[in-house]
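For reference, the structure discussed in these notes is given below.
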Amino acid sequence: MLAALVRASLAHPRIVAALALLVTLAGAFALARARFDVFPDFAPPFVLVQIEAPGLSAPQVEAQVTRPVESLLAGTENVATIRSSSAQGLAAIRVIFHRGSDPHRQRQAVIERLAEAGGLLPEGVQAPQLSPLSSSMEYLLHFGYTSDTLDPLALRDLVQWSVKPQILAVPGVAHVQLFGGQARERRVEVDPLRLAATGLGLDAVLEAIAAATAPAGAGYVETAVQRLVIQVEPTASDADALAAAVVDVADGVPRRLGDVASVVDGAQPLFGDATIAGKPGILVETSSQFGANTLEATRALEARLDALAPALAAQGVTYHPALLRPASFVEHAIEKMRRSLVIGAALVVALLLVMLRDWRGALISFSAIPLALLAAVWLLSAWGFSLNTMTLGGLVVALGVVVDDAVIDVENILRRRREAAAGADVDALFAAASLEVRRPVFYATAAVAVAFVPILSMSGLQGAFFGPLSIAFLLAVGLSLIVALAVTPALCMLFMRDHAPAPEARFLGRCKALQRGIVARAAARPVLPAVLLIATGVAGVALLPLFGARLLPDFRETYLIAHSSLRPGVAIAETARVGREVSERLLAIDGVRSVAQQIGRAENGQDTDTPNESEFEIRIEPTAKRPLEAIEADIRAVFERYPNQQAEVYSVLAERIGETLTGESAPFSVGVFGSDLDENDRVAAAIAEVLGDLPDAAGVRLVVPPREPQLRVQLDAEALALHGLRAGEVLRTIQAAFHGTVAAEMTLPDRSLPVVVRIAGGDGGPDALRRLPLRGRDGATITLGELASIDLVSARSVLDHEDGLRRQVVVARPEGGDHVGFAARAREAIAAQVALPAGVYLRYGGSAEAQRAAARELIVHSGFAAVVVVLLLALAFGRARHVALTLAALPSTLIGGVAALWLSGGTLNLGAMVGFVALFGMAARNTILLISHYDHLVHAEGAPWTLETALRGATERLTPVLLTALLTALALLPVALQSREAGHEIEGPMAIVLLGGLVSSTLVSLLLIPPLAVRWLRMAPAR
């Protein structure tokens, strides 16, 4: 089949060339229209369910809302994990499904389950809401507004009703959250004494408001020629009309709402706030839709915001753009990759011209590289893959094979043309030269592809990351093989048929002479190359585990996120005050460009953060004088100045990856599970103490906040009975006084306002709670203090669950690169020093644990891949000695990659591990091609198997091996040199490992294999 493809290509070269041109243009068009993103969608499908429970404490939310809904959702198909967080007034339940599940189908399944929740939830709890389907990164663009002229209510109105609808209309925007300002409500402040004097209760006020604001359809009237719709407007369309609403009629005199209450516009209860550059403002957070093009969505959103900015500025509003912008990382990565490819391409062309000394051959060899890569981009886009850090990394790693495929055919044809006698049949020579290398190239490419199957078969987060990389690599390698089989011979036939090749470059002749001398001397002493091969192989394998291991490198982003928390129970105003101080200190750091603080949670927000918790979004601008590490150290130092504040700083990508793995941002976490919260806390505190004693542990803390001060109201049943009151009435009155009771929604022309009933005096502190007046059945006024005991207690503000079990989490950040080693030491220390009581168990998580799992998985799958490679070698050679020599040569190629990784100060992250896998494949390819060439010389050309034949085969393989190594090195060199630049964090370690490995694999292939082959292989010419 391979021979038929080559012959068809040579028979119709113009058609093949035209098809190649069309594929190149299609690939270029696909590249221009490709969906660019930071990473592939690495998070498994999930649905976030939010349930507002106004007035309920965290334990009440857990018992009455979270647990029933968790039980309801637990039976949903394909559920992997359910995590929940219960806070005051809110339950947030994240349902995570198995990878590969259809997110739309799973979302529908959750909706169907939640349809049964209505009868399970207590009165006053709102219907469950599902957050929009968003991408793994979630973040699209964060920006903000401040004003010196507008008050917080007016600024919030402007952003919520003028800006937010415009944002939601932008394609790619899934969700918008607003932090800061004050959301407006129409407040009915009831005077409890005036209300008591009328003999009416709070229920009468609520009914009057509902009746005055409720819209009602009235049908239509119809004449002979026309239908007229009847539109009945609510009687209360503004504050004055609402105050005039009738509550009751006594002795023919209407008692109006204004008689017992004042109707004013006020602010809704604050669950969070925001500061921008230390000033109060509104922080707008947008998330991207699932499958959206990050670059296109970000640019479209920024264009819309820029168009709105002049009108806002005219009203005294300052626009703060790009407070957090993941697209900047994508743009930087693409620009760095583009620059690296341009530089690499120029170096490749120059080297081809120097080495081949034939501009036609150089052009044909070079054209095969973009053809294969653009065809791969075309297919990736057609199959729905985005171009991201991982898919681009796969194309970068494939360069070695693509370059080899591009060179080997052209070099073999040029060599055969030089060796051919005058008047030889050029067409037959082209066919023979192309067919000569096809079979070994096919098996060599297959071996490389099989080496990548373990990466493709990874599961979990690592599979989501490196699966697209493997697919991109395999596509590029497979397409490169097709190009080498069909396109390169056709182009050679078109452009080189009537062209006599130039003589071989002189320095190649000198290299071959040097090689012959070394190989001949080594063949005379075969023990020396054997010992060298074994020693380098053992050293490479032995040194590899000594490197610090981690899942992913530190991403050099220009945006950082700092999670901070003050002591539990701190008021929002105090958190904002501290935040302003921190922001001012951060902005004083050379290299920090903007700081925004998000406090607590947004109304109907996706998190359950409490008022003492903050998230600082910090934009930095590293320079040569102020590198990222120095700026980040100064940022950490600012937070360390506040001893009562716990804080950790992460890159945006690291935070998202950590939260995907365990729900926490830290690289290492220990989940403590048990039904007794106090027991969980005691065990977690002991674990935190053990971790704090480890020398390389930083940022050790408990995630779920401990108890905070709360006021507990314990109603006295006898006192209630004495005054003829029911507990429900009293609780509704307390809620109305200190939280407010939503009575209706008032619809205005461009917005809606909640109408909230509040009892005046509910903002006077703890004493106001005791003095809260209530009306007994006998008409007498009594205070809450007479009906209940009110005590200051310590209670929980947040309760976390995972799979229905209560949990506390201890997190830590390993200092240094060896995250896997830290995880192992932490496990040992905890097992030795922490005794677990009955009913409590631990679960380890974070990127360090994911790296351990990935390493185990890779080793197991690599074992299966090794068996397949052996079978391929057996098919390729059919001789056990050939297979044994090929396998024996592979470990020694590691030493170059190990040395390069050590010299660069790198760690063994998954990017470097992928580089070693690719290195194994490329080394196997070189050895297969060399030994196959020996077979060709002996069996096809009838040469006897002697030292001279071994020398001839080695020297004939020198040019393609050396050329491939140099071309690949030059293509990867710009990537390796910029490995510490943003955008090259994954590809950089790969390139470094491959560069070092190219040196060792080239030396092994050209200098060690030939003398060992002379002594080890047994071949005889065919008769």
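The values are calculated or read from the model by the stated rules, or taken from the named source; none is laboratory data. Just so you know, these numbers come straight off a predicted model, no measurement behind them. Quick reminder, even Gly has a Cβ in these numbers, built from the backbone with ideal geometry, and neighbours come from all protein chains shown.
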Scanning region 305-328 for residues that are surrounded by 15 or more Cβ atoms within 10 Å (Cβ to Cβ) and within 29 Å of ASN388 (Cβ to Cβ) gives LEU305, HIS320, ALA322, LEU323, LEU324, ARG325, PRO326, ALA327, SER328
Listed by range, strands (runs of 3 or more DSSP E) wholly within region 729-806 having at least 1 residues that are free of Cβ contacts under 8 Å to residues at least 24 places away in the same chain are 752-759, 781-783
So the helices (runs of 4 or more DSSP H) completely within region 341-425 holding 1 or more residues that are surrounded by fewer than 18 Cβ atoms within 10 Å (Cβ to Cβ), touching a residue at least 12 places away in the same chain (Cβ under 8 Å) and more than 29 Å from the chain's Cα centre (by Cα) are 359-382, 399-419
Reported set for region 561-579 where residues are over 27 Å from the mean Cα position of the chain (by Cα) and not hydrophobic (A, V, I, L, M, F, W, C) is ARG567, PRO568, GLY569, GLU574, THR575, ARG577, GLY579
Taking region 231-248 and the residues there that are in a strand (DSSP E or B) and at pLDDT 85 or above, the one that is farthest from VAL755 (Cα to Cα) would be ASP248
In the set LEU552, LEU533, the lone residue that is under 30 Å from ALA630 (Cα atoms), crowded, with 18+ Cβ neighbours inside 10 Å and in contact with a Ser or Thr (Cβ under 9 Å, 6 or more places away or on another chain) is LEU552
Among ALA376, ALA382, the single one that is touching a helix residue (DSSP H, G or I) at 6+ places or on another chain (Cβ under 7 Å) and farther than 17 Å from LEU494 by Cβ is ALA376
Picked from region 668-704 (must be touching an Asp or Glu at 6+ places or on another chain (Cβ under 8 Å) and part of a loop (DSSP other than H, G, I, E, B)), the residue surrounded by the fewest Cβ atoms within 10 Å (Cβ to Cβ) is ASP696
For this session: Could you please let me know if ASP203 is loosely packed, with under 12 Cβ neighbours inside 10 Å, of a type in the set (D, E, K, R) and assigned by TED's automatic domain parsing to the domain that holds SER237?
Result: yes
Exactly one of VAL595, VAL582 is under 23 Å from the mean Cα position of the chain (by Cα), farther than 21 Å from VAL704 by Cα and crowded, with 24+ Cβ neighbours inside 10 Å, and that one is VAL595
- Any residue at all in region 154-169 that is surrounded by fewer than 19 Cβ atoms within 10 Å (Cβ to Cβ) and either under 30 Å from GLN60 (Cα atoms) or in contact with a helix residue (DSSP H, G or I) (Cβ under 7 Å, 6 or more places away or on another chain) (or both)? yes
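This table checks each residue for (1) of a type outside the set (A, V, I, L, M, F, W, C); (2) under 25 Å from ILE734 (Cα atoms).
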| site | (1), (2) |
| --- | --- |
| PRO54 | yes, yes |
| GLU77 | yes, no |
| ARG83 | yes, no |
| ALA87 | no, yes |
| ILE93 | no, no |
| ARG107 | yes, no |
| GLU116 | yes, no |
| GLN126 | yes, yes |
| GLN129 | yes, no |
Log entry, pairs with first residue in region 428-447 being assigned by TED's automatic domain parsing to the domain that holds VAL402 and without any contact (Cβ under 8 Å) to a residue 60 or more places away in the chain, second being among the β-branched types (Val, Ile, Thr) and assigned to a helix (DSSP H, G or I), beta carbons closer than 9 Å, six or more apart or on different chains, reads LEU429/ILE413; ALA433/ILE413
Checking SER162, SER237, SER147 in turn, the sole residue that is within 50 Å of the chain's Cα centre (by Cα) and assigned by TED's automatic domain parsing to the domain that holds ASP259 turns out to be SER237
### Query
Any chance region 919-930 includes a residue that's at pLDDT 85 or above, more than 18 Å from PHE547 (Cα to Cα) and not hydrophobic (A, V, I, L, M, F, W, C)?
yes
### Task
Answer yes or no: is there a residue in region 953-966 that is under 30 Å from ARG879 (Cα atoms), touching a Phe, Trp or Tyr at 6+ places or on another chain (Cβ under 8 Å) and of a type outside the set (Lys, Arg).
yes
Counting only residues that are surrounded by 14 or more Cβ atoms within 10 Å (Cβ to Cβ) and without any contact (Cβ under 8 Å) to a residue 40 or more places away in the chain, region 213-238 contains a total of 1
(request) Kindly check whether there is at least one residue in region 477-484 that is of a type outside the set (A, V, I, L, M, F, W, C) and within 22 Å of the chain's Cα centre (by Cα). (result) no
Being in the same structural domain as SER470 (by TED's automatic domain parsing), hydrophobic (A, V, I, L, M, F, W, C), assigned to a helix (DSSP H, G or I) and within 14 Å of LEU1017 (Cα to Cα) narrows LEU875, LEU901, LEU887 down to just LEU887
Going through region 227-258 in order, the residues found to be charged (D, E, K, R) and closer than 17 Å to ALA210 by Cα are GLU233, ASP238, ASP240, ASP248, ARG255, ARG256
Going through region 601-640 in order, the residues found to be among the small types (Gly, Ala, Ser), part of a helix (DSSP H, G or I) and under 24 Å from GLY281 (Cβ atoms) are none
When ASP191 is run through (1) touching a Ser or Thr at 6+ places or on another chain (Cβ under 9 Å); (2) more than 30 Å from ARG255 (Cβ to Cβ); (3) touching a residue at least 60 places away in the same chain (Cβ under 8 Å); (4) surrounded by fewer than 21 Cβ atoms within 10 Å (Cβ to Cβ), the failure sits at (2)
Discussion item. Taking the criterion of being without any contact (Cβ under 8 Å) to a residue 24 or more places away in the chain, charged (D, E, K, R) and either touching a helix residue (DSSP H, G or I) at 6+ places or on another chain (Cβ under 6 Å) or under 21 Å from ILE759 (Cβ atoms) (or both), would at least one residue in region 267-280 satisfy it?
Written reply: no
Log entry, pairs with first residue in region 552-563 being touching a residue at least 24 places away in the same chain (Cβ under 8 Å), second being among the hydroxyl-bearing types (Ser, Thr, Tyr) and in a loop (DSSP other than H, G, I, E, B), beta carbons closer than 7 Å, six or more apart or on different chains, reads HIS563/SER665
Taking region 831-867 and keeping residues in a loop (DSSP other than H, G, I, E, B) and either assigned by TED's automatic domain parsing to the domain that holds LEU887 or closer than 22 Å to HIS819 by Cβ (or both) leaves VAL834, GLY846
If you go through GLU77, GLU52, the only one that is within 30 Å of GLY118 (Cβ to Cβ) and loosely packed, with under 15 Cβ neighbours inside 10 Å is GLU77
When every residue in region 249-266 that is free of Cβ contacts under 8 Å to residues at least 40 places away in the same chain and in a strand (DSSP E or B) is compared, the one farthest from VAL742 (Cα to Cα) is VAL253
